[in-house]
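The values are calculated or read from the model by the stated rules, or taken from the named source; none is laboratory data. What you see is a predicted model; the values in this text were computed from it and never measured. Using ideal geometry, Cβ is built from the backbone for each residue, glycine included, and neighbour counts are taken over all protein chains shown. Heavy atoms of the whole protein, side chains included, go into the accessibility calculation; ligands, DNA and RNA do not. Shrake-Rupley method; radii C 1.70, N 1.55, O 1.52, S 1.80 Å.
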Amino acid sequence: MLYLFLDIITTAAILFIVSSGLLIIFGVMKIINFAHGVFLTIGGYSSLVVTHFDWNPWFSMPLAFVVGCLLGSVIERTVLRFLYHRPLDAILATWGLGIVLGQLIIIGFGREVQFAAGPVSGAMELFGDFYSKYRLLLIIFSVLVAGAMWLLLKGTRIGLQTRAVIMNEPLARGLGINSSRVRLITFSFGAGLACLAGAFITPLSSVDPNMGLPWLVSAFMLVLVSGNSFLALASACIVLGGAQVLASTYISPVIGGLTLAVLAALLLRIRPKGFAYD
Amino acid sequence: MTRLVTGADANHTYLGLPLHVRFKAVSILTGLALLVVLIGPFVLDPYTQSVLIRAFLLAITALTVDLLWGTTGILTFAQGAFFGIGAYAAGLMFTHVGYTVGTMMLALLAAIAVSMLVAAFVGWLAFWQGATPLYVAVVTLVLPIVVVQLIYSGGAFTGSSSGLVGFDAPSLSMSGWFWFTGTIMVLLTACAWVFIRSDYGRKLNAVRDNETRSRYLGIPTSNVKIILMMFMAALASLAGFIYACVGTIVAPEHADFVFGTELVIYVALGGRGTVLGPVIGTIGLEWASAYVSSILPFVWTIIIGAIFVVVIVVLPEGLLPPIWRALARRLPARLANTAKSKRATVFHPLVEIGAKSSTTSLTQPALSLTSVTKRYGHLQVLNGIDIQIMPGELVGIVGPNGAGKTTLMRCISDGMERSGGTIKVNGKSIDHKSPEGITALGLGRSFQNTSLFGSLRVSECLRLARYPHYKPSKIDTADRVGLPLAAMEVLESTGLQAQLQEQVNNLPHGMKRALELIMVLSLEPSVLLLDEPTAGLTKADRLMIGRILTDLQTRLGLAIVLIEHDFDFVKQVCSRLVVLHRGELILDGPVQEVVNSDLVQEIYSGHVE
Amino acid sequence: MSANIKKPTVSTVLECRHLSSGYDDAVVIEDINIQITAGQIFGILGKNGMGKSTLLKTIMGFLKPTHGEITFADEPIGGVEPQKLAQRGIAYIPQEAAIFQDLTVEENLRLGLSNDRLLPSGMEKIAAYFPILPKRRKQFAGTLSGGEQKMLLMARALMSNPKLMLVDEISEGLQPTMVENITKVLGQLATNDNVGILLVEQNVRFVSRVAHSVALLEVGRIVREKQLDDGTDNEQALAEMMRV
């Protein structure tokens, strides 16, 4: 029972980390970044690089974040900027970018599945049972990420401006906020967060050129049911993530794999706002 | 000359020529293409033939994506899944039961039936009133994932991740398959090409360009999309089935969403909405990919991906259309002109067939509202509106901003909008009917921001407005269309009759408004709802609209309700005025009385409390 | 009656010459010519749909003029982006959706500033005009009453020390006492801070008490103009002008 509970909480935590980057981008720019999966992958490969050079495994996280931010800002300025009034085309364009980046990874690192060293390994004893230490660590990470986002959005001026742009962009512009700059910062940050998430999840399994793909769809669905709100995202991660774990455990792992997406699609049909309150 | 296209009556007709004469160009090109297919196996090596066979089948599938996305505006990643369903139907049947002509027919039937059922479900899920295009894309993304997961969970039965291999299948030679797939591909492309130029194709374009306006013209857009989805699923499924028969391999890669996205990429690169673009693009890219990817395996994907991104950002219409236009400019003038001339539609007054029973009586209100309310959460926007409007009345609704005027209009024209109360059009309650359903009761609505189809021509818009009254052909475009008297009169008096070939986007604002009015009148409404009909019009245009409306009211007995801010216009035209303020009806009476009342003066020139 | 209004100084803050604009190809305003000097309150009266909001949106850069020029403090601004104009000193108070309902009063006010460090002095300044706002600084703006929300709008505009204010129907739905308050604030802004104010309204009584000059906008064009002098019954005159 405890195992199941921990599975649910850690799965929710992982989903939250993986989806936050996508949510902030969707909230500000109202587009879905289909390159999100590739950013996760890039984060994973950052961990691989750190392992390759025998650096401290903890370093993979800041490295991933920085790489993501840089890449994100380049993409926003060169491609995304022209597609804000065409959100469906933005999905396609980011997917195309994802393909290109994915291929570059294959050229650079090869197709094989590889492993990166995690900062923490082994299992911890909890109430007589053993549970992966790293998975528990991820719970802390997700809380840290949520906390950092909260601080940034509520505590900084740029966070205030971002929230204003999310709520009402024309009004924000009329008050002097440079919404273009906000979009650039948001996309870079969201991309950085996605890469960071990739680095976070790497120690759980392995690194391969397609590792981000399964997460893309889950993140996508979670963002759609969360609207603008991180609180809604957290709720969605717990509820839908929990459903996924339960389905995997009691029905079959394969059914579990599609539980999240199917439930989210049905939920949106019934309640278009999803988990968002208002 | 025999009349091949039947079903016409006195009001809308199609030219009675045999198909091959009417579509001369198409017939010639199709013949040429078939010739090329015929020659193929004699000049191409087996490897190229196999590549092209696969390319032909993918082209058919890309065609279905184009009809859904380019023509009708439904971005879908699911066509790959239907392809996979077809392929697996064949694979599963031939692996576990074995191949005979009987089992093959059974499997094919099953494939098509399953695909169409799944498509109907996906359509129900995706195409509901209020679904955003993003949600539709999401649902079509989820389908391939579900299909693939089901394949994985099937274990040995479905072959799981390795797929099914080496089963017995219809045996044809390479050339045989080449001819078979090539012929189907050419014929389907020709049919699709004719289809998108038909009246039905224009209807799909209308749904793509302005779904709201389409619904208010009585087109049941959700049903149209679901039906299209079902047929496209069947086609994709057929292509997948044949694919399995040719290659005797089926694997999850033939159903996943990466495949579905590849198809979208091919369509985008080839030119969405052009039919020929996606087909040629798919065949070309598949062919190129087979050769290039053996020489430069990784670079090819990068090149395609990069070109795709560039096309989306810079050339959203695709790569081939600009090339064709450049080629077309070099055509000898005579050919170019024949290619360009579209058969102009002739509009004439409706020919009455038999006695037409009037739905309007003189004693029954044309429009009746009882205790209509509308709430957004705690905010009460409309509070107990009661009003009866008789045929032949021209009623103006005035009131300050935020009084609820447009909300009221929305509640009347869309059965799902109001929070409470009853609304009846010509005595029939609107219940929770959709806009297209209420349009069928005799209601026509115009919008504050003129709601039209920018890329269509005036004549195409007018034909569209008549679709509920005659079934649009899937092959042809009507050359004679009957319009109700009211619509004909406005068409002539505004001078729009001389601009039938003009694209709507190029019309001046006043003409756009007039066109919208004509389209609404073409629905033969007995009740007209007009939201700020004079906004943005010059003084002269205002006078003209005023005269038209008065005419409609007095001679044709329409009940007209308009929201207006121009008091001079209201005084000129309306017989009755209703004042809405903070969601309540505070005044209702003859124009002069209401306009001169203290209440109105205070609302419009003093403070409000 | 316009009380205690000193003679405005001469520098021109806003000028529109033959300005036309609209949506798509619908012409909503046509051949607008106005001039506003520093410290002047210019009122534009017009009923709904006559183009008042369109005029303000065009000046603020949300719409591109189809014809004509706009200059702000001697610099042409036709089509310049709204955020740049806000940074240069134009405060725009739109008619709808003018505050962030889900942000606090303080956060709304901060958005009027160019820099958070100016907040304490800004708060002091608005406390003088609207004492209730500092008390509600941590409250969500959406929970304020209609009148308090308008006060918030004015306060936010004040915070930014603008040279020009564009005000769209601020008196709509307000109690008379609140309207009095706003009249006073606008008057003081004009007199003490030399702000040029373009006021767009339907409320004749309000405009007659606060504005120095008034123009009537009808079907997108300015059809009448009037200087308001102290002492005469401006309200009656304007009501006649607006008569439906």
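Here are some notes:
- When residues of region B:120-155 are limited to those that are open to solvent by less than 10 Å² (accessible area, probe 1.4 Å) and either under 16 Å from the mean Cα position of the chain (by Cα) or small (G, A, S) (or both), the one farthest from B:A81 (Cα to Cα): B:A126
Residues checked against (1) part of a strand (DSSP E or B); (2) open to solvent by less than 10 Å² (accessible area, probe 1.4 Å); (3) out of contact with any helix residue (DSSP H, G or I) (no Cβ under 6 Å at 6 or more places or on another chain); (4) of a type in the set (A, V, I, L, M):
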| residue | (1), (2), (3), (4) |
| --- | --- |
| B:P468 | no, no, yes, no |
| B:K471 | no, no, yes, no |
| B:I475 | no, no, no, yes |
| B:V481 | yes, yes, no, yes |
| B:A487 | no, yes, no, yes |
| B:V490 | no, yes, no, yes |
| B:Q497 | no, no, no, no |
| B:N505 | no, no, yes, no |
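- You will find that of C:A97, C:A91, the residue that is surrounded by fewer than 19 Cβ atoms within 10 Å (Cβ to Cβ) and within 22 Å of C:E169 (Cβ to Cβ) is C:A97 and no other.
- Filter result for the condition that a residue is within 14 Å of chain C (Cβ to nearest Cβ), within 22 Å of the chain's Cα centre (by Cα) and small (G, A, S), over A:G147, A:G159: A:G159
- Of the listed requirements (1) farther than 19 Å from C:L103 by Cα; (2) open to solvent by less than 60 Å² (accessible area, probe 1.4 Å); (3) free of Cβ contacts under 8 Å to residues at least 40 places away in the same chain, C:P131 misses just one: (2).
- Test: residue in region B:570-586 that is within 11 Å of chain C (Cβ to nearest Cβ), closer than 13 Å to B:G396 by Cβ and charged (D, E, K, R): yes
- Subset of region A:148-165 (residues that are open to solvent by 30 Å² or more (accessible area, probe 1.4 Å) and under 23 Å from A:I17 (Cα atoms)): A:A148, A:W150, A:L151, A:L152, A:K154, A:G155, A:T156, A:I158
- Only one of A:V67, A:V38, A:V28, A:V50 that is crowded, with 21+ Cβ neighbours inside 10 Å and touching a Lys or Arg at 6+ places or on another chain (Cβ under 7 Å): A:V28
- Of the candidates B:V351, B:V346, B:V314, the single residue that is more than 30 Å from B:G415 (Cα to Cα), at pLDDT 80 or above and open to solvent by 50 Å² or more (accessible area, probe 1.4 Å) is B:V314.
- Residue within region A:95-103 that is over 16 Å from the mean Cα position of the chain (by Cα), in a helix (DSSP H, G or I), without any contact (Cβ under 8 Å) to a residue 40 or more places away in the chain and away from chain B (no Cβ under 14 Å) present: no
- Just one of (1) away from chain C (no Cβ under 11 Å); (2) farther than 28 Å from C:G79 by Cα; (3) not charged (D, E, K, R) fails for A:I185. It is (2).
- Any chance B:A81 is surrounded by 23 or more Cβ atoms within 10 Å (Cβ to Cβ) and either in contact (Cβ under 8 Å) with a residue 40 or more places away in the chain or on the phi > 0 side of the Ramachandran plot (or both): yes
- 2 or more residues open to solvent by 20 Å² or more (accessible area, probe 1.4 Å): qualifying strands (runs of 3 or more DSSP E) within region B:366-463: B:367-376, B:379-389, B:420-425
- For C:V13: the one exception among (1) open to solvent by 30 Å² or more (accessible area, probe 1.4 Å); (2) away from every other protein chain (no Cβ under 14 Å); (3) at pLDDT 90 or above: (1)
- B:V292 being within 14 Å of another protein chain (Cβ to nearest Cβ), open to solvent by 10 Å² or more (accessible area, probe 1.4 Å) and under 17 Å from B:Q49 (Cα atoms): yes
- Elements of type helices (runs of 4 or more DSSP H) contained in region B:235-332, each with 1 or more residues being more than 27 Å from the chain's Cα centre (by Cα) and within 21 Å of B:V65 (Cα to Cα): B:276-295, B:297-314
- C:V210 being at pLDDT 90 or above, within 22 Å of C:F72 (Cα to Cα), of a type outside the set (S, T, Y) and buried (at least 22 other Cβ atoms within 10 Å of the Cβ): no
- Exactly one residue out of B:V246, B:V250 is in contact (Cβ under 8 Å) with a residue 24 or more places away in the chain and buried (at least 24 other Cβ atoms within 10 Å of the Cβ), and it is B:V250.
- Selection of first residues in region C:184-199 that are more than 23 Å from C:L216 (Cβ to Cβ) and open to solvent by less than 10 Å² (accessible area, probe 1.4 Å) and of second residues that are in a helix (DSSP H, G or I) and not aliphatic (A, V, I, L, M), restricted to Cβ pairs under 8 Å at least 6 apart or on distinct chains, gives the following pairs, ordered by first then second residue: C:V185/C:Y129.
- Helices (runs of 4 or more DSSP H) completely within region A:121-199 that count 1 or more residues being free of Cβ contacts under 8 Å to residues at least 40 places away in the same chain and closer than 24 Å to A:G241 by Cβ: A:133-155
- Number of positions in region C:196-223 that are within 14 Å of chain B (Cβ to nearest Cβ) and closer than 18 Å to C:C16 by Cβ: 10
- Verdict on B:V97 being at pLDDT below 90 and under 21 Å from B:Y243 (Cα atoms): yes
- In region B:196-231, residue surrounded by the most Cβ atoms within 10 Å (Cβ to Cβ) [restricted to those that are among the aliphatic types (A, V, I, L, M) and outside any helix (DSSP H, G or I)]: B:L217
- Extreme residue, modelled with the highest pLDDT, among residues of region B:520-542 that are touching a Phe, Trp or Tyr at 6+ places or on another chain (Cβ under 9 Å) and more than 14 Å from every other protein chain (Cβ to nearest Cβ): B:V520
- Checklist (1) at pLDDT below 85; (2) more than 12 Å from chain A (Cβ to nearest Cβ); (3) touching a Lys or Arg at 6+ places or on another chain (Cβ under 9 Å) applied to C:N115, failing item: (2)
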